Amino acid sequence: MESKDKLMDKPILTLYYQYVGNTQWFKEEFLAKKYNVLKYLLPVKNKKDSNFIIQVYLDPNNDKNKLVSFHIQEKVFHLFSVNKTLGEKLVFSQEQFSKLFDFLKETFIEKED
């Protein structure tokens with residue numbers, strides 16, 4: 001059996017999207033709990049086409065909650081990519097987590113066993 005810390009370090013679900021808008025605006029809207037901003041994420045057929053990743057973790061302190069991280073990869077001067085974290089292991093109740101998925105489109109996912 002894996003320890004709680006190990007479980008928290010490994011996402012149980014990873015969703016891949018493409019986002020082409022203003023990252024700062026997206027982050028501000030999302031952190032203000034305006035989850036409808038997620039409708040601007042575009043689905044992808046494979047992870048190499050994505051630049052926006054959502055990772056879901058189990059909460060070791062409360063099995064009814066999920067921890068969710070949001071990462072985006074931005075191009076700088078079309079020369080190289082920079083990874084940015086928009087939110088790291090944010091706590092979502094069951095209700096918030098369901099609301100989050102109301103706005104997400106079906107996309108490429110990786111699921112842990």
**Report entry** Simple Cβ-charge dipole of the chain, Lys/Arg +1 and Asp/Glu -1, about Cα centre, in debye nearest 20
**Finding:** 280
Report summary line: Computed ³J(HN,Hα) along segment 90-96: with the Karplus parameters 6.51/-1.76/1.60, θ = phi - 60°, integer Hz and x for glycine or proline, the list is 6, 7, 10, 6, 4, 5, 5
Requested in this report: Please give every one of the aspartates and glutamates within straight-line cross-link reach of K27, meaning a C-alpha to C-alpha distance under 19 Å, and leave out same-chain neighbours fewer than 8 residues apart.
Outcome: E74, E88, D102
Report summary line: On the formula 1/(1 + (r/R0)^6), with r taken between the Cβ atoms of N36 and K75 and R0 of 30 Å, the FRET efficiency rounded to 0.05 is 0.70
**Report entry** Residue range of the chain that is longest and free of GluC sites (Glu not before Pro) which are both DSSP loop and sparsely packed (at most 16 other C-beta within 10 Å)
**Finding:** 3-105
Query raised in the report: What longest region of the chain stays clear of trypsin sites (Lys or Arg not before Pro) that DSSP places outside H, G, I, E and B and that have at most 15 other Cβ atoms within 10 Å?
Result: 65-104
Report summary line: For segment 45-56, Karplus-derived ³J(HN,Hα) couplings (6.51, -1.76, 1.60; θ = phi - 60°; whole Hz; x for glycine and proline) come out as 8, 8, 6, 5, 8, 9, 10, 10, 10, 10, 10, 10
Query raised in the report: With contacts defined as alpha carbon pairs under 8 Å and 6 or more residues apart, what's the relative contact order of the chain in percent?
Result: 33
Query raised in the report: Tell me, how many Å apart are the Cα centres for segment 64-98 and for segment 34-60?
Result: 8
Report task. Classify the chain as rounded, prolate or oblate from the Cα gyration tensor: take a ≥ b ≥ c as the square roots of its eigenvalues, call it rounded if a/c is under 1.5, otherwise prolate when a/b beats b/c and oblate if not. Result -> prolate
Report summary line: Between Q18 and Q96, Cβ-based FRET efficiency (R0 22 Å, step 0.05) works out to 0.35
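Just so you know, all these numbers are worked out from the coordinates, no wet-lab data involved. Computed from a predicted model, the values in this text were never measured in an experiment. Cβ coordinates were reconstructed from backbone atoms using ideal geometry, including for glycine residues, and neighbour counts include every protein chain displayed.
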